[in-house]
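Notes for the one structure printed next.
The values are calculated or read from the model by the stated rules, or taken from the named source; none is laboratory data. All values derive from a computational prediction rather than experimental measurement. Here the Cβ is made from the backbone with ideal geometry for all residues, glycine too, and neighbour counts use every protein chain on show.
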């Protein structure tokens, strides 16, 4: 399987599943509250950093088509992981601002996931 297709299906499925879970369980609000705990933010930061680094190493494709979205997601994930590990208090402040937009963000997350899955089969 092509790396692009793998990441499109992996990230697409990940986004769809988490979007549905956020709607059904209202977990996103609880996750935002958990950013008060620096240890939680840093530990999830290592996972985020690793996911971003793997994506950037395996899929650093800068082309003028849909595949660049996966590359951008990889870079954003890597930067987010670095921020979570190095600056957890900044992540907490960001999460508090994000709280007001969580419903919209969940819908965008699910639409992005569905689009990535769609593109992986086209």
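Go through (1) within 24 Å of residue 122 (Cα to Cα); (2) more than 12 Å from the chain's Cα centre (by Cα); (3) surrounded by 13 or more Cβ atoms within 10 Å (Cβ to Cβ); (4) without any contact (Cβ under 8 Å) to a residue 24 or more places away in the chain for residue 10 and report which single condition fails. All conditions are met except number (2). The set of residues from the range 13-29 being loosely packed, with under 14 Cβ neighbours inside 10 Å, touching a helix residue (DSSP H, G or I) at 6+ places or on another chain (Cβ under 9 Å) and closer than 21 Å to residue 94 by Cα comprises 27, 29.
Residues are listed down the side, and each one gets a yes or a no for (1) crowded, with 17+ Cβ neighbours inside 10 Å; (2) modelled with pLDDT under 95; (3) part of a helix (DSSP H, G or I):
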position	(1), (2), (3)
91	yes, yes, yes
98	no, yes, yes
104	no, yes, yes
112	yes, no, yes
117	yes, no, yes
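The conditions of being surrounded by 13 or more Cβ atoms within 10 Å (Cβ to Cβ) and either assigned to a helix (DSSP H, G or I) or over 17 Å from the mean Cα position of the chain (by Cα) (or both) are met by residue 42. Residue 61 meets all of the listed conditions (1) assigned to a helix (DSSP H, G or I); (2) modelled with pLDDT of 90 or more; (3) surrounded by 12 or more Cβ atoms within 10 Å (Cβ to Cβ) but one, namely (1). The set of residues in the range 36-51 that are within 22 Å of residue 74 (Cα to Cα) and in contact (Cβ under 8 Å) with a residue 40 or more places away in the chain comprises 41, 42, 44, 45.
For every residue, the table says whether it meets (1) surrounded by 12 or more Cβ atoms within 10 Å (Cβ to Cβ); (2) modelled with pLDDT of 95 or more; (3) outside any helix (DSSP H, G or I); (4) over 16 Å from the mean Cα position of the chain (by Cα).
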position	(1), (2), (3), (4)
31	yes, no, no, no
54	yes, yes, no, no
57	no, yes, no, yes
69	yes, yes, no, no
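Scoring residue 75 on the criteria (1) under 30 Å from residue 5 (Cβ atoms); (2) buried (at least 18 other Cβ atoms within 10 Å of the Cβ); (3) at pLDDT 95 or above; (4) in contact with a helix residue (DSSP H, G or I) (Cβ under 7 Å, 6 or more places away or on another chain) leaves a single failure, condition (2).
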